[in-house]
Structure formats: structure tokens, C-alpha cells
Amino acid sequence: MGATVTRVSRPAAQRAWETDASAADSPMALDQLKAFLKRMQGDDALRQQVLAAATADDVAQIALTLGFEFSGDELLRVSGQKFDRVTVRKNDIPGEYN
């Protein structure tokens with residue numbers, strides 16, 4: 001049974017993503033991302049924190065506070081790939097209009 005994380009980013013070009021991962025800019029960043037996703041699998045509080053984050057950059061900041069270094073862009077680049085039981089998926093959704 002895999003963990004699923006859904007994120008919605010509310011600024012301009014809104015995006016939603018779920019957790020499944022591919023390849024980041026550097027092998028080190030990819031290793032950091034994999035380690036963060038693995039930790040998230042076993043930590044419900046962390047998973048909820050990630051779900052509540054507004055952007056991929058916010059998730060990267062959460063990870064940084066725990067000692068994992070990768071960027072929001074690197075996270076978005078791994079969209080569609082699966083690491084262990086976690087998959088990162090980016091979905092573009094229409095913006096909100098007032």
C-alpha cells in the first residue's frame with residue numbers, strides 16, 4: 001500500500017501533485033529526495049505537513065528543516081516516478097478567477 005501526497009499550489013498557474021518520484025538535478029539531490037520521501041512514509045505528521053504545503057518550494061523548505069537538501073524544481077522534475085511506496089505526480093489545474 002503506497003503513500004499518496006497531494007499538493008495544491010494556489011499562485012498564478014496553479015498546480016497539484018501527488019507523491020511518485022524520478023530524477024533530480026544531481027545524484028546528491030536525488031538521494032536527499034529519496035531519503036525524505038522514505039522518512040515521510042513512516043511519519044504521519046510529516047505527511048500532513050507536506051499535504052498542507054502550498055508549493056513544491058514549501059515542501060523543499062520543510063525537508064531542509066529536517067536536513068534534506070533539494071529544491072522545489074527538483075521535486076517537480078521527479079513527477080511521475082515512484083520511489084519505494086511513494087509517487088510524486090505534478091498536475092496542472094486551472095487558475096481561480098474572481
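The values are calculated or read from the model by the stated rules, or taken from the named source; none is laboratory data. Remember, it's a predicted structure, so these values are computed and weren't measured experimentally. Cβ sites come from the backbone with ideal geometry, for glycine too, and all protein chains shown count toward neighbours.
Tabulated data
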{"quantity": "Tally of residues being β-branched (Val, Ile, Thr) and more than 17 Å from Arg47 (Cβ to Cβ) across segment 58-77", "calculated": "0"}
{"quantity": "Residue count for segment 78-89, restricted to those that are closer than 16 Å to Arg47 by Cα and touching a Phe, Trp or Tyr at 6+ places or on another chain (Cβ under 9 Å)", "calculated": "2"}
{"quantity": "Segment 41-73, residues that are assigned to a loop (DSSP other than H, G, I, E, B), modelled with pLDDT of 90 or more and either in contact with a Leu (Cβ under 7 Å, 6 or more places away or on another chain) or among the hydrophobic types (A, V, I, L, M, F, W, C) (or both)", "calculated": "Leu66, Phe68, Phe70"}
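Okay, residues lined up against (1) in a strand (DSSP E or B); (2) buried (at least 18 other Cβ atoms within 10 Å of the Cβ); (3) at pLDDT below 55; (4) out of contact with any helix residue (DSSP H, G or I) (no Cβ under 6 Å at 6 or more places or on another chain):
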position: Trp17; (1), (2), (3), (4): yes, yes, yes, yes
position: Met28; (1), (2), (3), (4): no, no, no, yes
position: Asp31; (1), (2), (3), (4): no, no, no, yes
position: Leu37; (1), (2), (3), (4): no, yes, no, yes
position: Leu75; (1), (2), (3), (4): no, yes, no, no
